[in-house]
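Below is one structure, written out as structure tokens; the observations come after it.
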Amino acid sequence: MGRQLMMEANDLAVRYPNGDIALHDVNFSIDSPSFTAIIGPNGSGKSTLVKTVLGLLKPAKGFVKLHGYDSVREKNRIRKIVRYVPQRDHIELNVPMKVKDIVLMGRLLKKPPPRFSTSKDRNAVIAALKQVDMDDLWERPFPELSGGQRQRVLVARALASDGSVLMLDEPLAGTDSHSQDLIVEALGTYHRENDVDIVMVTHDLNPIHSYVKDVLLMKNTVVGIGTPCDIMDLDMMKHVYGPTARIVEHSGHRYCITKDSGFDRHD
Ligand SMILES: Nc1ncnc2c1ncn2[C@@H]1O[C@H](COP(=O)(O)OP(=O)(O)OP(=O)(O)O)[C@@H](O)[C@H]1O
Ligand SMILES: [Mg+2]
């Protein structure tokens, strides 16, 4: 058995219909199993990369593959192995679907029709909601939840579903530190106990620092790839986040403080 590649890109470029080049000269490869973080400032092409991997956007040049499947030619294979949590989910908030139904939907959509739920499905739903501490609210209409609670439910939906790669685009956005801890801990445990790869887009590497194996640092191309500590390099961080970026060391780990992380107001 050779090494199994989780994700690889070769000479990848992506252009939007208006002519904007969102990604150019993207080259990288990441082995499986991995917990990968994609980081970079607003507009650096993180969501574009994820959408391209999923076959939702087409490369203008080059290719990207997931577990060996080409994002264009083998889009259907990719859909089967990926569980995707988009940056902004378009769940209809006017329809009072309950929490348990939202999570169950994630499982049922991976099944061929007719899509009946079994007791195995319902148990998976409860187990996933427990992991993010939302099982008490499972009868609640989803629209009545707070933003952070909704994010936790959407992560539970991904956890309850099937597929060997979880792709989450900013699952920590708009959550307080309690919800962040629950989400990060649930994903870390899930990765440790199951044979799954996790790819997570995040603004702030610090909350997931100790769980992550590989980091892609983006600025419309891949500026750096490596372990969290490799990426926490002052020159690289200044290049991407500007001159106010700082690196701090704590318990043998290096963390980056940028304007985004909000810490540097006190220095
Ligand atoms: N639908 C679109 N049409 C045209 N340009 C787009 C579109 N979506 C994104 N872009 C542009 O592509 C670039 C990369 O956007 P992308 O959404 O991938 O960034 P991001 O790193 O995910 O940012 P954020 O942190 O804000 O989510 C930006 O310059 C953006 O303006
Ligand atoms: Mg984005």
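Quick one: how many residues across the range 1-57 are assigned to a loop (DSSP other than H, G, I, E, B) and either more than 16 Å from ligand 2 (Cβ to nearest atom) or of a type in the set (D, E, K, R) (or both)? Of the residues in that region, 12 qualify.
Filtering the range 43-73 to residues that are more than 8 Å from ligand 1 (Cβ to nearest atom), of a type in the set (D, E, K, R) and closer than 21 Å to Leu217 by Cβ leaves only Lys65.
Which one of Leu137, Leu172 is modelled with pLDDT of 90 or more and within 16 Å of ligand 1 (Cβ to nearest atom)? Reasoning before the result, please.
On the way: Leu137 fails: within 16 Å of ligand 1 (Cβ to nearest atom).
Result: Leu172 is the single residue among Leu137, Leu172 that is modelled with pLDDT of 90 or more and within 16 Å of ligand 1 (Cβ to nearest atom).
Considering Gly40, Gly19, the condition of being without any contact (Cβ under 8 Å) to a residue 24 or more places away in the chain, within 12 Å of ligand 1 (Cβ to nearest atom) and not aromatic (Phe, Trp, Tyr) is satisfied by Gly19 alone. Among the residues of the range 154-169, those identified as within 22 Å of Pro33 (Cβ to Cβ) and within 16 Å of ligand 2 (Cβ to nearest atom) are Met167, Leu168, Asp169. The residues of the range 84-99 that are modelled with pLDDT of 85 or more and either touching a helix residue (DSSP H, G or I) at 6+ places or on another chain (Cβ under 6 Å) or farther than 18 Å from Leu129 by Cα (or both), listed by number, are Val85, Pro86, Gln87, Met97, Val99. Looking across Gln131, Gln151, Gln87, one residue alone is free of Cβ contacts under 8 Å to residues at least 40 places away in the same chain, polar (S, T, N, Q) and within 25 Å of Pro33 (Cβ to Cβ). It is Gln151. The residues of the range 22-37 that are within 14 Å of ligand 1 (Cβ to nearest atom) and farther than 18 Å from Val212 by Cβ, listed by number, are Ala22, Leu23, His24, Val26.
Considering the range 98-123 alone, what residues qualify as being surrounded by fewer than 21 Cβ atoms within 10 Å (Cβ to Cβ), within 20 Å of Tyr190 (Cα to Cα) and in contact with a Leu (Cβ under 9 Å, 6 or more places away or on another chain)? Across the range 98-123, the qualifying residues are Asp121, Arg122.
Just for the range 153-182: of the residues that are of a type in the set (Ser, Thr, Tyr) and assigned to a helix (DSSP H, G or I), which one is nearest to Leu54 (Cα to Cα)?
Ser179
For the range 77-131, taking the residues that are acidic (Asp, Glu) and more than 21 Å from the chain's Cα centre (by Cα), the one that is farthest from ligand 1 (Cβ to nearest atom) is identified as Asp121.
The values are calculated or read from the model by the stated rules, or taken from the named source; none is laboratory data. The structure displayed is predicted, hence computed values, not measured ones. Reconstructed Cβ throughout: ideal geometry from the backbone, glycine too, with neighbour counts over all protein chains shown.
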